[in-house]
Amino acid sequence: MIVRIMGEGQVRLADSHLANLNTLDDELLAEMEKGDGPGFRRTLQALLTRVRDLGDPLPDDSLEPSELILPSPDATLEEVRELLSDDGLIPG
């Protein structure tokens, strides 16, 4: 799966990592619903760090279609709300 982090680039991520990422995604969704700004910021950073750690970066000039788009590290709670589906940022 190709994942884009807005403002950073793309990584190739094995589908086997999605369950691990969904745990953080569920936490992020819960914090957003509560309006927990500090918790949201902490969990968003943890989610993006995990994607970077588990994924293999694609070259900057690569133009692969992204199957998943994640917000930038400095995205606001409101900006992330606009990206959400019923499942959160990560489907499943």
Which numbered condition residue 47 misses (of (1) within 13 Å of the chain's Cα centre (by Cα); (2) open to solvent by 50 Å² or more (accessible area, probe 1.4 Å)): (2)
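From the list 78, 64, exactly one residue is at pLDDT below 90 and in contact with a strand residue (DSSP E or B) (Cβ under 9 Å, 6 or more places away or on another chain). Which is it? Quick ask: steps written out before the conclusion?
On the way: 78 fails: in contact with a strand residue (DSSP E or B) (Cβ under 9 Å, 6 or more places away or on another chain).
On inspection, the qualifying residue turns out to be 64.
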Counted residues, region 8-44 - those being surrounded by fewer than 11 Cβ atoms within 10 Å (Cβ to Cβ), hydrophobic (A, V, I, L, M, F, W, C) and modelled with pLDDT of 90 or more: 1
Subset of region 50-81 that is outside any strand (DSSP E or B) and among the hydrophobic types (A, V, I, L, M, F, W, C) - its residue that is surrounded by the fewest Cβ atoms within 10 Å (Cβ to Cβ): 63
Exclusive hit being in a helix (DSSP H, G or I), aliphatic (A, V, I, L, M) and within 20 Å of residue 81 (Cβ to Cβ), set 18, 47: 47
Test for residue 4: is it out of contact with any Ser or Thr (no Cβ under 8 Å at 6 or more places or on another chain) and surrounded by 11 or more Cβ atoms within 10 Å (Cβ to Cβ): no
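The values are calculated or read from the model by the stated rules, or taken from the named source; none is laboratory data. Keep in mind that this is a model prediction, so the values were computed, not measured. Every residue, glycine among them, receives a Cβ derived from its backbone with ideal geometry; neighbour counts consider all protein chains shown. Only protein heavy atoms, including side chains, enter the accessible area calculation; ligands, DNA and RNA are left aside. Shrake-Rupley method; radii C 1.70, N 1.55, O 1.52, S 1.80 Å.
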